[in-house]
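Just below is one structure, and these are the notes that go with it.
Every read-out reported here was derived from the displayed coordinates using simple, explicitly stated rules and does not represent laboratory data. Keep in mind that this is a model prediction, so the values were computed, not measured. All Cβ positions, even for glycine, are placed from backbone atoms using ideal geometry, and neighbour counts span all protein chains on display.
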Amino acid sequence: MESATGQPPSPDQSEPRLRAVDLKKSFGNKVVLDGLSFSVAAGESLVIVGPSGTGKSVLLKHLIGLVRPDSGKVFVAGEDLWALSNVERNRVRKKFGMSFQEGALFDSMSVFDNIAFPLRRSGRPASEVRSRVKECLEIVHLPNVEDKRPSELSGGMRRRVGFARAIAHEPEILLFDEPNTGLDPIMTDIIDEVIMELREKMTPTIVTITHHMESARKIGDRIALLYGGKILYDAPPDEFLRSSDPAVRQFVEGNAKGPLTVESQVAEGA
Amino acid sequence: MTRLLEAIGRVVLRVFEEVGTFFSMLGRVAFWAVRPPYDIPELARQMVRVGFDSIPVVLVTTLFTGMVLALQTFNGFARFHAENLVGSVVALSLTRELSPVLTALMVTGRVGSAMAAELGTMRVTEQIDALTALGTEPVQYLMVPRVTASLLMMPLLVIMGDAVGIYGGYFVAVQLLGANPVAYLDNSFQYLHVSDDVVSGIIKAAVFGLIFSLIACVRGYMTTGGAEGVGRATTRAVVAGSLTVLVVDFFLTKLLY
């Protein structure tokens with residue numbers, strides 16, 4: 001495998017947009033990522049599934065440099081994230097849009113200012129910011145909440161505002177951490193539709209974490225099963241769903257018994 | 001015996017770790033402070049929070065300190081007929097020592113705790129991660145305005161505290177204890193050197209502002225463990241901030257004399 005360490009951004013189309021190489025990460029004694037490698041091509045949509053507590057969110061945070069791996073590398077369009085300076089890493093992060101599990105909205109700001117945040121930071125004129133915020137709120141079916149504070153919104157609404165903030169500046173790479181967990185079935189489908197529309201319009205590279213197999217099938221070009229700090233299985237949706245691999249079967253069919261054991265069932269209610 | 005040594009070792013290591021973290025974060029804040037974009041509106045907001053909003057607390061603290069100082073020294077000095085020196089004792093103690101230190105302690109409790117709680121909550125609710133994910137440096141966006149505002153506003157608060165405290169002393173001496181107003185004021189400013197006494201207090205104030213705000217921001221920024229963690233961070237910010245102010249005060253006084 002070629003090493004791109006320290007190279008300037010390469011226009012090389014063959015280089016995957018995101019590439020993780022032999023990532024290892026432990027918190028105390030708990031090994032979360034155990035030599036994990038994968039890549040996502042430009043414009044591709046990868047869905048990561050796996051039981052709760054297997055480190056899916058941690059993996060997503062590695063891809064954008066929020067968590068530094070103990071060893072291994074993350075390449076974003078060929079640039080080694082941890083070989084860059086702080087300032088350079090922030091430049092690379094501007095290519096991303098990320099939605100967090102609980103929304104992670106800035107609670108000192110209104111909904112409008114939250115969504116406007118990435119737009120203003122990229123220096124867009126006020127009129128454009130206004131219309132884009134409105135547009136993003138319409139996309140997630142939340143009109144007329146601009147002036148509300150995040151604390152006035154329900155959990156599901158916060159999540160959708162977080163989603164709107166992630167897509168506002170039309171980033172090249174989107175990371176969605178359980179974008180539809182805790183939403184009603186209709187809203188879940190709407191978010192899936194939004195992701196599919198985004199793909200048609202802007203062909204971003206997307207990595208999504210979800211528990212909904214139906215969503216995974218709709219929005220993913222590939223589905224990867226994360227377990228024990230490694231990718232156990234990685235295949236296009238149809239192949240994934242038809243797979244006879246016992247771990248995949250257990251997850252797809254939702255069996256309590258099988259090779260997968262859920263380590264922290266208390267953590268999430270999905 | 002070994003257990004005692006181990007415990008001492010742990011404390012020493014911890015102190016070194018904290019000091020190391022403080023200076024490394026100080027370096028990061030300085031690095032990001034000089035880089036664009038400069039968020040002037042946020043700086044102004046923080047200056048209001050640290051400075052303007054602290055005025056009542058600082059007023060009451062220094063006014064009563066000046067008053068009690070005059071009361072105590074007057075009674076004491078009367079025993080050897082040195083009442084005429086009360087004015088300068090009050091003025092010198094306030095400008096050199098009491099106004100900067102007490103203001104710093106009060107503002108640490110009022111503003112430092114709020115900073116730690118705010119940043120701590122942002123940390124545990126992933127808001128700091130969200131900032132980073134949007135390509136915004138949290139040190140620049142959150143810490144630089146808070147630390148700069150504290151560094152700038154503390155000297156102003158202390159200048160105000162000096163004036164109010166001296167007035168408090170004057171009020172007690174002249175109105176309650178019957179000192180001669182002209183002689184008292186004369187004596188207050190006779191030995192007070194602006195370039196030396198007042199300025200040393202102002203330098204202290206700026207350093208204290210830097211210390212308490214940075215400690216509070218770092219404690220908040222490094223919070224782990226949910227709501228309980230935020231509580232812990234807030235307590236530690238106030239305790240560590242206050243103690244550091246007192247310790248640094250001694251060395252600064254030594255240095256500035």
Margin query: Every residue in the stretch A:164-194 that is touching a strand residue (DSSP E or B) at 6+ places or on another chain (Cβ under 7 Å) and away from chain B (no Cβ under 14 Å), please.
Written below: A:179
Margin query: Taking the conditions exactly as written (at the interface with chain B (Cβ under 10 Å from one of its Cβ atoms) and β-branched (Val, Ile, Thr)), does residue A:64 satisfy them or not?
Written below: yes
Next item on the list: From B:179, B:173, grab the single residue that is over 22 Å from residue B:120 (Cβ atoms), touching a residue at least 40 places away in the same chain (Cβ under 8 Å) and in a helix (DSSP H, G or I).
Entry: B:173
Check: Residue check, residue A:27 against (1) buried (at least 18 other Cβ atoms within 10 Å of the Cβ); (2) more than 22 Å from residue A:215 (Cα to Cα), all met but one. Which one?
Finding: (1)
Margin query: I'd like the full set of residues that are outside any loop (DSSP other than H, G, I, E, B), more than 14 Å from residue A:40 (Cα to Cα) and in contact with an Asp or Glu (Cβ under 9 Å, 6 or more places away or on another chain), limited to the stretch A:220-243.
Written below: A:225, A:230, A:232, A:233, A:237, A:240
Check: So which pairs qualify, if the first residue must be in the stretch A:190-215 and farther than 24 Å from residue A:50 by Cβ, the second must be charged (D, E, K, R), the Cβ gap must be under 7 Å, and the two must be at least 6 apart or on different chains?
Finding: A:202/A:170
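Quickly run through the stretch A:67-103 and pick out the residues that are among the hydrophobic types (A, V, I, L, M, F, W, C), closer than 24 Å to residue A:170 by Cβ and more than 9 Å from chain B (Cβ to nearest Cβ).
A:74, A:75, A:76, A:77, A:81, A:84
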Notebook entry, point to check: Of all residues in the stretch A:242-258, which are without any contact (Cβ under 8 Å) to a residue 12 or more places away in the chain and touching a strand residue (DSSP E or B) at 6+ places or on another chain (Cβ under 7 Å)?
Noted result: A:243
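Of the residues B:69, B:43, B:26, only one is more than 19 Å from residue B:141 (Cα to Cα) and either in a helix (DSSP H, G or I) or charged (D, E, K, R) (or both); which?
B:69 is the lone residue from the list that is more than 19 Å from residue B:141 (Cα to Cα) and either in a helix (DSSP H, G or I) or charged (D, E, K, R) (or both).
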Checklist line | Any chance residue B:44 is of a type in the set (Gly, Ala, Ser), buried (at least 22 other Cβ atoms within 10 Å of the Cβ) and farther than 30 Å from residue B:226 by Cβ | finding: no
Checklist line | Counted residues, the stretch A:109-125 - those being in contact with a helix residue (DSSP H, G or I) (Cβ under 8 Å, 6 or more places away or on another chain) and more than 8 Å from chain B (Cβ to nearest Cβ) | finding: 9
Check: In the list B:147, B:107, B:124, B:139, which residue meets the criterion of being of a type in the set (Val, Ile, Thr), under 20 Å from residue B:211 (Cβ atoms) and within 14 Å of chain A (Cβ to nearest Cβ)?
Finding: B:139
